[in-house]
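Rule-based calculations on the coordinates, nothing more; no lab input. Not measured: the values here are computed from a predicted model. Every residue, glycine as well, gets a Cβ built from its backbone with ideal geometry; the counts of neighbours run over all protein chains shown.
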Amino acid sequence: MKKTSNCATEVNPEAAPWLAQGGEKRRVVQQMFAAIAPSYDRINGLITFSLHHRWRQIAVRSLQLQPGDHVLDVCCGTGDFLEPLRNAVGAEGHLEGSDFCRPMLEIAQKKPHHRAHLSLADACDLPYSSSRFDAVTVGWGIRNVPDIDQAHREAFRVLKPGGRFVSLDTAQPRNPILRAVSRWISGTLIPWFGRRFGHEASRAYKYLPESTLLFKSRVEIQASMEAAGFRNVTTRDFFFGNICLWRGEKP
Ligand SMILES: C[S@@+](CC[C@H](N)C(=O)[O-])C[C@H]1O[C@@H](n2cnc3c(N)ncnc32)[C@H](O)[C@@H]1O
């Protein structure tokens, strides 16, 4: 048992992984995604009604990519961002996907259409040279990293001047009634779905709503991106405000 820096009571990261911080968060998140990797795509499809594909397409369109562009997908997981990115950059484009969880990358590796180069890497310490990419994407990753400001700084560093960054993640609806409904659904239905897929999925799909409640607000994420150097930072909501797309540019 260890105390976290912002919590007065003792926290057991195995029982409440959403309360873990720093290196402990890195470890529990990594273990959690390793355990649910085989069922991740199926559950993701179920809880988003497969709409995540549409949100990714909108995010990719907002990057205004050209054939031949170089793009990095951070926290790429099972690689679902990589296919629409490949369609945008064409055969001559170069795609990199990085994630710190090997079992998630192994599933991405089995999806050959994206033809991306995949690397085991931490979002807070990317193994790429500065000013290398035309765009960087991250899907449902920023909420999970132990140091959000550092992850934004790394995304900014590896972008070329003029490069674009998009991040999709969960958010809380702005409307209080929708927010209450959403809290009820995500606190009951999503963990119920998770339980159908076994113990580890049950833990992970309790983590999803809990970590969403603890996640920074739209404005705080926007401020973190701006502090990293991004300009023209905008947000766009999907799914009644339960999903947010942040977009920024490197001057
Ligand atoms: C919710 S999944 C999203 C996967 C994928 N981006 C998608 O859109 O479906 C979060 C992913 O972030 C990865 N992740 C979390 N923290 C990370 C970190 N610090 N560095 C690299 N990957 C991380 C996890 O391993 C997991 O694959």
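Starting with the highest mean, order 180-190, 82-92 by the number of other Cβ atoms within 10 Å, averaged over the residues of each peptide.
Packing proxy ranking, top to bottom: 82-92, 180-190.
Which FRET efficiency, nearest 0.05, do R183 and S129 yield, Cβ-Cβ r, R0 45 Å?
In this case the efficiency is close to 0.55.
Whole angstrom only: what separates the Cα centroid of the stretch 191-251 from the Cα centroid of the stretch 121-160?
When both Cα centres are located, 15 Å separates them.
In which sequence would K25, K160 go, from the one with the fewest C-beta neighbours within 10 Å to the one with the most?
K160, K25
Output the 0 to 90 degree angle, nearest 10, between the alpha-carbon long axis of helix 148-158 and the longest principal axis computed from the alpha carbons of the chain.
Tilt relative to the chain: about 10 degrees.
Taking every DSSP beta bridge with both residues inside the chain, roughly what % is antiparallel (nearest 5)?
Roughly 45 percent of the DSSP beta bridges within the chain come out antiparallel.
Using packing as a proxy for protection, rank 173-179, 33-39, 43-49 so that the peptide with the highest average count of other Cβ atoms within 10 Å comes first.
33-39, 43-49, 173-179
Could you list M104, M32 so that the one with the fewest beta carbons within 10 Å of its beta carbon is first and the one with the most is last?
In increasing order of surrounding Cβ atoms, one gets M32, M104.
If eta is 1.002 mPa s and T is 20 °C, what Stokes-Einstein diffusion coefficient results for the stretch 94-209, Kirkwood Rh from Cα pairs, in µm²/s?
Diffusion coefficient, whole number: 131 µm²/s.
So what's the angle, to the nearest 10 degrees on a 0 to 90 scale, between helix 22-47 and the longest Cα principal axis of the chain?
Computed tilt is about 80 degrees.
Grab the DSSP H runs of the chain that are 4 residues or longer, score each as -39,500 (n - 2.57), total them, divide by all residues and round the 222 nm result to the nearest 500 deg cm²/dmol.
The helix contribution divided over the chain gives -14500 deg cm²/dmol.
I need the shape label for the chain. Rule: rounded when a/c is under 1.5, else prolate if a/b > b/c, else oblate, with a, b, c from the alpha carbon gyration tensor.
Since a/c stays below 1.5, the shape of the chain is classed as rounded.
For H70, H114, H152, which order do you get if you count the other beta carbons within 10 Å of each Cβ and list the fewest first?
H70, H114, H152
So if R0 is 30 Å, what FRET efficiency would K160 and F49 give, r being the distance between their Cβ atoms, rounded to the nearest 0.05?
Working from the Cβ atoms, E equals 0.25.
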